[in-house]
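Asks: Following this message is one structure expressed as structure tokens.
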Amino acid sequence: MAFIDRVLQTPSYGWENEKNELIIPTKKQIIIEFFSRINIFKSRKNWISLISWFMIFCMLPFFILFLIKYFSLKLLGAFLLYSLIIMSTHGTIWFHRFCTHKSYKFKNNFWRFITQNLVIRSFPEETYVVSHHVHHAKSDLPGDPYNPKGGLLYCMLADVNHQAINKELSETDYNKAAHFVRHSGIKINSYSSYLKWGSIVSPYYIITLWLLNWGFWYTVFYFIGGHGLSCALFSAAMFWMILVRAFNYTGHGKGETKHKDGIDFDRSNLSINQTRPGLFSGEWHNNHHLYPASARAGFLPYQLDLAWVYIWCMHKLGAVSSYHDSKKDFMKKYNANR
């Protein structure tokens, strides 16, 4: 079995059957798996599967206060802007293009830290990065942690059910997995700590950074617009954390072939270029599958790429030392006659 096939923890219902076909679990099986994986009383190694949903739970009071005490059309506008554009674009900048694909490099650790904490803290880098490498290696095939053919719930709960790393990796395999995220600056567990906690990242690092980040941003938002703005934007972060879990389901055609000529050039998988994720966060997903290491994914004239705008501006300011840009290659191969 190749490393990429064993790096993630296999769900109880498995990835594929004897015919190498995707096992599509029932909703009941998915939900049972979910609660089993977040049960820290069963095993402390489940802490990383629990943490992001616990963050969502901690954001609920802000959402309730926003609705019953502070709601206004102005704050609703701030809510939508922060969730749909700012949080979404940051996810592309940080988790997707830097942490996973190393499409650009920071000049120093200061600018890396600033970019990491540019918005309200959400899920751990490890949860996204390792599984996303598997996603690219096995897109829409059994073993893809958020395979759209498994259905919406399969994707929505994938961070818990399918994205955690294998808890029984050898030391050699663990070091390979840790290499995926080492450049991001997170605190990496030793192999003995991994055996204790079942994760690459230290829980003490994640919890400390989470509390400091939330405390900083609540204070900043409070001084700008009072408790109302703070509650609105923390609610927006919660909304994004839930909404983003559905992206791969819709971004891969809901498990069906929905490519459009002249728009979706990569036909090796089900990914498609969608207007809203593209314009709002630079997530031109079919383009990205063509050139995963590119810091720019918006290649065609109408494909605004806000994540690329940030990276380009940071490069001009000297905060980003280098980047990969595949636009010229794309235009040469796919757009020569347009």
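Asks: What are the residues in region 245-295 that are surrounded by fewer than 20 Cβ atoms within 10 Å (Cβ to Cβ), among the β-branched types (V, I, T) and within 17 Å of P148 (Cα to Cα), if any?
Replies: Within region 245-295, T250, T257 meet the criteria.
Asks: Taking region 105-126 on its own, how many of its residues are surrounded by 21 or more Cβ atoms within 10 Å (Cβ to Cβ), in a helix (DSSP H, G or I) and of a type outside the set (S, T, N, Q)?
Replies: Residues that pass the stated criteria total 2.
Asks: Mind checking which pairs have a first residue in region 37-48 that is assigned to a helix (DSSP H, G or I) and a second that is surrounded by fewer than 17 Cβ atoms within 10 Å (Cβ to Cβ), Cβ under 7 Å, 6 or more apart or different chains?
Replies: K45/K167; N46/N39; N46/I40; W47/I40
Asks: Just one of (1) modelled with pLDDT under 95; (2) touching a His at 6+ places or on another chain (Cβ under 8 Å) trips up Y70, so point out which.
Replies: The number of the failed condition is (1).
Asks: Is at least one residue of region 88-104 among the small types (G, A, S), under 30 Å from W284 (Cα atoms), part of a loop (DSSP other than H, G, I, E, B) and within 20 Å of the chain's Cα centre (by Cα)?
Replies: First, pick out the residues of region 88-104 that are among the small types (G, A, S): 88, 91, 103.
Next, only the ones that are under 30 Å from W284 (Cα atoms) stay: 88, 91, 103.
If we keep only those that are part of a loop (DSSP other than H, G, I, E, B) as well, we get 103.
With within 20 Å of the chain's Cα centre (by Cα) added as a condition, the list becomes 103.
Yes, that holds for at least one residue.
Asks: Checking the structure you have, find out if any residue of region 227-237 is touching a Gly at 6+ places or on another chain (Cβ under 6 Å) and either modelled with pLDDT of 95 or more or assigned to a loop (DSSP other than H, G, I, E, B) (or both).
Replies: Taking region 227-237 first, the residues touching a Gly at 6+ places or on another chain (Cβ under 6 Å) are none.
The answer is no; no qualifying residue exists.
Asks: Here is a check on your reading of the model: is I85 touching a residue at least 24 places away in the same chain (Cβ under 8 Å), part of a loop (DSSP other than H, G, I, E, B) and within 17 Å of the chain's Cα centre (by Cα)? So that I can check it myself, show each step before the final result.
Replies: Details: touching a residue at least 24 places away in the same chain (Cβ under 8 Å): yes; part of a loop (DSSP other than H, G, I, E, B): no; within 17 Å of the chain's Cα centre (by Cα): yes.
Here the answer is no, as I85 does not meet what is asked.
Quick grid of which residues meet (1) touching a residue at least 12 places away in the same chain (Cβ under 8 Å); (2) of a type outside the set (A, V, I, L, M); (3) touching a helix residue (DSSP H, G or I) at 6+ places or on another chain (Cβ under 6 Å):
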{"position": "G282", "(1), (2), (3)": "yes, yes, yes"}
{"position": "H289", "(1), (2), (3)": "yes, yes, no"}
{"position": "D305", "(1), (2), (3)": "yes, yes, no"}
{"position": "A319", "(1), (2), (3)": "yes, no, yes"}
{"position": "Y334", "(1), (2), (3)": "yes, yes, no"}
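The values are calculated or read from the model by the stated rules, or taken from the named source; none is laboratory data. Note that the structure is a prediction, hence the values are computed from the model and not measured. Positions of Cβ are backbone-derived with ideal geometry, glycine not excepted, and every protein chain shown enters the neighbour counts.
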